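One structure is given below, encoded as structure tokens.
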Amino acid sequence: MKKKHTEKPLFPHLPERLSGLEDLAENLWWSWNPGARMLFKALDRQAWKESGHNPDKMLREFPSPLLEKAGVDPDYIRRYDDVMNQFNTYMGQKKCGLMEPVLPDHTYAVAYFSAEFGLHRSLPFYAGGLGFLAGDFIKECSDLCVPLVAVGFMYPEGYFKQRIPDDGWQQNLIESVNREAAPISKVLDKDGTQLVIEVGLTDPPIHVAVWKVAVGRVSLYLMDTDIDINDPWNRGISARLYTGDLEQRLRQEIVLGLGGAQMLKALGIDHYLLHLNEGHAAFALLERIRETVATGKDFPAALKKNIKATVFTTHTPVPAGHDVFPFYLIEKYFQSYWPGLGLDRNAFFQLGIHPEKPEHGFNMTALALRLSGCRNAVSRRHSQVSQQMWQSLWPGIPEDKVPIDYVTNGVHVPTWIEPKMKLLLDKYIGADWLDRHDDPGIWQRLDTVPDIELWQTHYWLKVKLIDAIRERSRLRWANGDASTSITLTGGALLDPSVLTIGFARRFATYKRALLIFKDLERLKKHLKDRWRPIQIIFAGKAHPADDPGKRLLQDLINLARNPQLGGRIAFVEDYGEQLAQYLVHGVDIWLNNPLPPFEASGTSGMKASLNGVPQLSILDGWWEEGFNEKNGWGVEHDKTSPDPDGSDADKLYQALEQKIIPLYYNMSDNGIPHEWVGLMKETMKSTGAQFSARRMVKQYIEKFYSKCMEGALKD
Ligand SMILES: *Cc1c(COP(=O)(O)O)cnc(C)c1O
């Protein structure tokens, strides 16, 4: 596939000596390689900051004299050559030994479909955890040379930006993505214009323009319906993530699934295996079956042939997370489609029926479960819950034998380890630790890190977090669009010497953001303690359609503004990738208190753990596997209690009062809390390897990909 700069250079003013910066800017590899980031930052710190850490945007607007100057600066050139060498070596390496079968050209082992990808702040195509999981997954596939191609959406409006006005009721601002300044490139057809495919289920058909994001060695193809040739309704299909309009949402999923499959075909990309990250793309499975039926097989035979080569990952036990469409809509869009599958109306509807609630409609998760040979949940606990939820699809099979396996989520370590922390680990646990980070043994060497150095690194990160938050508050205030009280509680009152708890996640009600306020007087004592105070930093968005979530957020804002809580509660607007980086690196404790069993896995806690931030969490999702009694606190939810929330909150307070606060403030004469630092080390030692995306991707390969590939290659 040609990239846009085969047309003309993207940055014509780039000196020849630095021409590689274009390749670098156009491949997100730079985002997880500190050396590459430094290369852009070193050109001009201010411009780097103003671009939102987006080299594409920065270079486009960058004055040529400064580029000329860098092109003859020996120090810069040395760094440049170094990074370009690393990049070219990385990109040149095609086989890393994990997926052995040799594939013909343009054939990928896996096509990975996801409705969202969280890769970097410059590509706001994510709403939350599902997107970051997908982003981390494909970054790791790149690192491990997994022959994989990814499919998703280009959302011209991204996800909304959050603003909190004086009344505390979240405003959702829409900001269009500037496609020209994003690290994406047009995929061109033979005549050099952008490739557009047609999804023919509707009249007029939906036209989809194709973009590409280079994620290291992995290509992510994004579909965009916001083009002139489409009517306004069709244009709006990819406008934003998870539209609340049911019909438009169905049309989104038609484009993602059927359109995605057709797009791969138009690109000449073959694949053996389909991996669906959640059920939104399940129609892609139908398209493959339809092709087999077209060769003369009947539906059962076509299903049998294709089912082996399909992996479906389910991500949530929350009912609203499973799309269900009314039958009349399915009929409207698919009545011309099902004959091609050799099915009639009833047989087609049956594919999407949940046996316990057939009248509800066409369930995308049920469809995906029926048509996939490998199915998995995203933590041990979540697989048990999923087996229970979907037992009725396998009548006669006992619950614990329901074929939904699990691979616990993990995070892409090079993306989430803070660069200063990485340097410290380079120094003490081995310069090659990052290459071997899924080996638990390597983390045991953390014992050799002097307490003072780990503590100073952490403290520096905490200061950096608080500085970044204050800077946001300052800008909000200076722009004149925030009241003083909003500015103050947006972070201006934070104090780096205070024990700092972080809580950042979507404001969905099951996440119970306000649990820690359950006994306000008890909490207040600690917030206002003269000698050993605590402070809590909150962040997170409520879904635009989720009024109960917004109400929770409003209550929180009111609490933060209440002077009786001592200015120790901060709410930081517009949680996204960048803020997440600061928070998971810089807080002292990561708090998570969802109502079990709704947290399928959770990944933000893993990011914090990786950087030595211990957890104070309810035992649910990943933490049920991660907690070892020495690496933080695990609260067992008691659902038989007459007041389960109260009982959970009580346990959180007990942990704070009896353990966390005394341990944290027990400093030696030179200001180092040695026991606390020991806890930080134990946190990293016990979770760094186990909750890495590398461990996760390897497990997907072992459990599913290899097995499926064998079957697919045999056919
Ligand atoms: C990691 C991450 C998430 C996922 O967090 P959980 O609440 O743990 O599922 C969501 N948003 C952002 C910005 C993240 O970086």
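Every cysteine in the chain with no other Cys Cβ under 4.7 Å from its Cβ, please list them in numeric order.
Cys141, Cys374, Cys708
Just want to confirm a number: the relative contact order over the range 291-436, from Cα pairs under 8 angstrom separated by 6+ residues, in percent.
RCO, the range 291-436: 23 percent.
Please report the orientation-averaged projected area of the range 246-288, defined via the convex hull of its C-alpha atoms, in nm².
3.0
If you average the sequence gap of Cα pairs under 8 Å that are 6 or more apart and divide by the length of the range 105-256, what percent do you get for the contact order?
RCO, the range 105-256: 22 percent.
After finding the eigenvalues of the alpha carbon gyration tensor for the range 436-542, what semi-axes result from the square roots of 5 times each, listed largest first in whole Å?
For the range 436-542, the ellipsoid semi-axes come out as 30, 19, 18 Å.
Taking amide H positions as placed 1.01 Å from N in the peptide plane, with prolines and chain starts having none, which residues 5 or more places from Leu188, or on another chain, fall under 5 Å of its amide H?
Correct list: Lys2, Leu195.
For the range 35-86, how big is Rg over Rh, using alpha carbon atoms and the Kirkwood form of Rh?
Computed over Cα atoms, the ratio is 0.95.
Quick one: compute the contact order of the range 66-186, relative version, from alpha carbon pairs under 8 angstrom and 6+ residues apart, as a percent.
It rounds to 20 percent for the range 66-186.
Pull up the DSSP beta bridges for the chain and report the antiparallel fraction as a percent, rounded to 5.
About 30 percent, rounded to the nearest 5.
For Leu619, what residues show an amide H to amide H distance below 5 Å, using hydrogens built from the backbone and excluding near sequence neighbours?
Amide H neighbours of Leu619: Val635, Glu636, His637.
Could you give me the radius of gyration and the Dmax of the chain, taking only the C-alpha atoms into account and expressing both in angstrom?
25.5, 80
Classify the range 194-281: rounded, prolate or oblate, from the alpha-carbon gyration tensor (a ≥ b ≥ c, eigenvalue square roots; a/c under 1.5 rounded; otherwise prolate if a/b is larger than b/c)?
Since a/c reaches 1.5 and a/b is larger than b/c, the shape of the range 194-281 is classed as prolate.
Read-outs: derived from the displayed coordinates by stated rules, not from any lab. None of the values given here were measured: they were computed from a predicted structure. Note that we place each Cβ from the backbone using ideal geometry, even for glycine, and neighbour counts take in every protein chain shown.
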